[in-house]
Amino acid sequence: MRIDARSKAYHSQSLLDSSLRDLVERILPLGTYYTAIYAFVEHRSHLDYGLVNHALCAAIRDMLKDYQTLLSQLEHAFNTSPTFSLQKLWFYVHPTIHTLSLIYNLILELDDTGSSNSLISDDEGGDDEEETDEEERAKNEALGLGGARLKAVLSEFSSGGGPGDSSSHIYVKGGEVLTIIYERMQNMAGDPTAHAIYKTLLRAASKPYVEMLRRWVTTGKLVDPYEELLVKESKFIDRGILDVDYTDEYWERRYTLRDGSTSSGSKRHLAGVPPPRTVGGRLPGGACIPPLLEGWKHKILLAGKYLNVIRECGIEIAWESKKDPGEESFMDEEA
């Protein structure tokens, strides 16, 4: 029965005019694009994916609303106008197909980079345990307990995973999301539509990142609940565990960059940095610094440190948040 049904479908398709069949084949990807984008938005709106992903999903959802409005208008035209044809449908949806294809390719890259956290599966319990292990490992390394690093390496080999496998457990979030969008925008600069869409998504996704960055460089407060910013704080570091010259060592180890780099070129903080992803080779999550901030990362770190020194002296610095922190985005300027 299935063979007969397939042969009939093939026979019916062969009877269609080649031009009509070509139009239908061009329009059909709309369903794939919309379904995948909608699933991505629903999945990445979960709290664990951070504020940058939330802002990105909100911007994509607004674009989907425009598509849904277009569908309503086309449906009305189909029901009311006897002259509405397949050629007219293609004329109206052609720009939308290009737009959705650009968003579709973006979400494929965002989802493929974090293959273990793809739309197919989401093991929340395992992620919580992994985050706990990472925090414990980073704490031991900051305290100078080299044995913890040795045990971690041995456990990776005993479990059959390579040194780079742990990066797949880190969500694609924060600076990594901005980096992927920025690179796509630069690579497709020759396509005005693609450049405009990716620039719009980049501005929307960078708003919470810019807000956290402004708070850090203007008040010294690090408000980063999902570990998306390039700066990290080791709260377990206090002056009680330091031996000599506590002032310099305390500020050097209290606040660091997530990518492990230091202005002096020291490698002492590299132990707590996650390995690069196997796909793309970039650092995952907040450890991935957006390209436009790469040359400013050490100045950004020092700016917040100096402000924290002032706060330690009992001088509190007021914070004035803008109504729209994305109005002046670092993503709009070539650093």
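Worth a mention:
- Using the average count of surrounding beta-carbon atoms within 10 Å as a protection proxy, the listed peptides 286-295, 169-178, 100-109 rank, highest first, as 169-178, 286-295, 100-109.
- Counting charges near Leu51 (Lys, Arg +1; Asp, Glu -1) among other residues having Cβ under 12 Å from its Cβ returns a value of -2.
- Across Phe78, Phe40, Phe84, the residue with the most accessible area heads the list, and the full order at a 1.4 Å probe is Phe78, Phe84, Phe40.
- When the C-alpha to C-alpha distance is required to be over 24 Å, the pairs from Lys207/Lys232; Lys235/Lys297; Lys199/Lys305; Lys207/Lys297; Lys221/Lys299 that qualify are Lys199/Lys305.
- With θ taken as phi - 60° and the Karplus curve 6.51 cos²θ - 1.76 cosθ + 1.60 applied, the whole-hertz 3J(HN,Hα) list for region 26-38 is 6, 7, 4, x, 3, x, 5, 4, 5, 4, 5, 5, 4 Hz, x standing for glycine and proline.
- Per-residue ³J(HN,Hα) for region 207-223, Karplus 6.51 cos²θ - 1.76 cosθ + 1.60, θ = phi - 60°, Hz, x for Gly and Pro: 4, x, 5, 5, 4, 5, 5, 5, 5, 5, 7, 10, 10, x, 8, 9, 10
- Taking 7 Å steps out from each Cα toward its Cβ at Asp62 and Lys299 produces label points 3.0 nm apart.
- The string of couplings for region 89-100 from the Karplus curve (6.51, -1.76, 1.60, θ = phi - 60°) is 4, 5, 4, 7, 8, 4, x, 5, 4, 5, 5, 5 Hz, one whole number per residue in order, with x for Gly and Pro.
The values are calculated or read from the model by the stated rules, or taken from the named source; none is laboratory data. Just so we're clear, the structure is a prediction, and the values are computed from it rather than from any experiment. Positions of Cβ are backbone-derived with ideal geometry, glycine not excepted, and every protein chain shown enters the neighbour counts. Just the protein is used for accessible areas: all its heavy atoms, side chains included, with ligands, DNA and RNA removed. Shrake-Rupley method; radii C 1.70, N 1.55, O 1.52, S 1.80 Å.
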